[in-house]
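Colleague: Next up is a structure, given as structure tokens.
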Amino acid sequence: MKLNESIFKSYDIRGIYPNDLNEVVAEDIAQCYLKFVARKRNKQLKDLVIVVGRDIRVSSEPLTDKIIEVFLRYGVSVMDVGLCSINDIYFATGYYQYDGGIMATASHNPAAYGGLKMIVLNRENQSKVDIINGQDILQEIKRNQLPLTDQWFKGHSERIDIKEDIIKHIMS
């Protein structure tokens, strides 16, 4: 499948599902996202903890399932918040100091779109997150030979409920 480079935007990745963005493309994106986060956090892939969420779009669940599958293959710990808003991913990453967060969402775009928004915990101020530029992920895809490694680890996935901590934080 030929990669449509136009789906890689400044603040996210968005394209028509499944023509431009699908599980095959999501697998490459997930691998390169992990490489990017590992470098930014100065950690090995198997030591990363990433929060994952999704919106209600038809595309979001299959994209999220593929991303989680890839993360687990590399030994990543996945904190799955399920249905959420991007603000929940920002909150969980900073509040719990996870290494990064990724959400399947195409934001304000029509229903035919799928998308991914990605963040990494700021190295200097660990209560802040940095939004990952989709173009940076595209450069990782172009630079890397995939898969990233032939050493596989078994990660773990955990479903977490962050609502109570969000409410406490807002009320504080």
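Colleague: Only one of ASP20, ASP65, ASP55 is of a type outside the set (Phe, Trp, Tyr) and touching a helix residue (DSSP H, G or I) at 6+ places or on another chain (Cβ under 6 Å). Can you tell me which?
Modeller: Residue meeting the stated conditions: ASP20.
Colleague: Being open to solvent by 20 Å² or more (accessible area, probe 1.4 Å), closer than 13 Å to LYS117 by Cβ and of a type in the set (Ser, Thr, Tyr) is the filter here; which residues of the range 80-96 pass it?
Modeller: Within the range 80-96, SER85, TYR90 qualify.
Colleague: While we're on this one: Which is more than 22 Å from LEU21 (Cα to Cα) and open to solvent by 60 Å² or more (accessible area, probe 1.4 Å), of SER77, SER127, SER107?
Modeller: SER127
Colleague: Which pairs have Cβ atoms under 7 Å, sit 6 or more apart or on different chains, and link a residue in the range 154-172 that is under 12 Å from VAL51 (Cα atoms) to one that is of a type outside the set (Phe, Trp, Tyr) and loosely packed, with under 12 Cβ neighbours inside 10 Å?
Modeller: none
Listed here are the residues, each with its yes/no results for (1) among the small types (Gly, Ala, Ser); (2) free of Cβ contacts under 8 Å to residues at least 12 places away in the same chain; (3) out of contact with any Cys (no Cβ under 9 Å at 6 or more places or on another chain).
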site: GLU5; (1), (2), (3): no, no, yes
site: SER10; (1), (2), (3): yes, no, yes
site: ILE16; (1), (2), (3): no, no, yes
site: GLU23; (1), (2), (3): no, no, yes
site: ILE29; (1), (2), (3): no, no, yes
site: TYR33; (1), (2), (3): no, no, yes
site: ARG39; (1), (2), (3): no, yes, yes
site: ASN42; (1), (2), (3): no, no, yes
site: LEU45; (1), (2), (3): no, no, yes
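Colleague: Give the residues of the range 10-65 that are surrounded by 18 or more Cβ atoms within 10 Å (Cβ to Cβ), farther than 20 Å from ASN133 by Cα and among the basic types (Lys, Arg), sorted by residue number.
Modeller: If the condition is that a residue be surrounded by 18 or more Cβ atoms within 10 Å (Cβ to Cβ), farther than 20 Å from ASN133 by Cα and among the basic types (Lys, Arg), then ARG57 is the only one that fits.
Colleague: Quick one: count up the residues across the range 134-172 that are within 30 Å of LEU3 (Cβ to Cβ) and open to solvent by less than 50 Å² (accessible area, probe 1.4 Å).
Modeller: Residues flagged as within 30 Å of LEU3 (Cβ to Cβ) and open to solvent by less than 50 Å² (accessible area, probe 1.4 Å) within the range 134-172 amount to 9.
Colleague: Please go through the range 108-162 and give me each residue that is of a type in the set (Asp, Glu) and in a strand (DSSP E or B), ordered by number.
Modeller: Scanning the range 108-162 gives ASP130, GLU158.
The values are calculated or read from the model by the stated rules, or taken from the named source; none is laboratory data. Since the structure is predicted, the reported quantities are computational estimates derived from the model, not experimental observations. Reconstructed Cβ throughout: ideal geometry from the backbone, glycine too, with neighbour counts over all protein chains shown. Please note that ligands, DNA and RNA were not included when accessible areas were found on the heavy atoms of the full protein model with its side chains. Shrake-Rupley method; radii C 1.70, N 1.55, O 1.52, S 1.80 Å.
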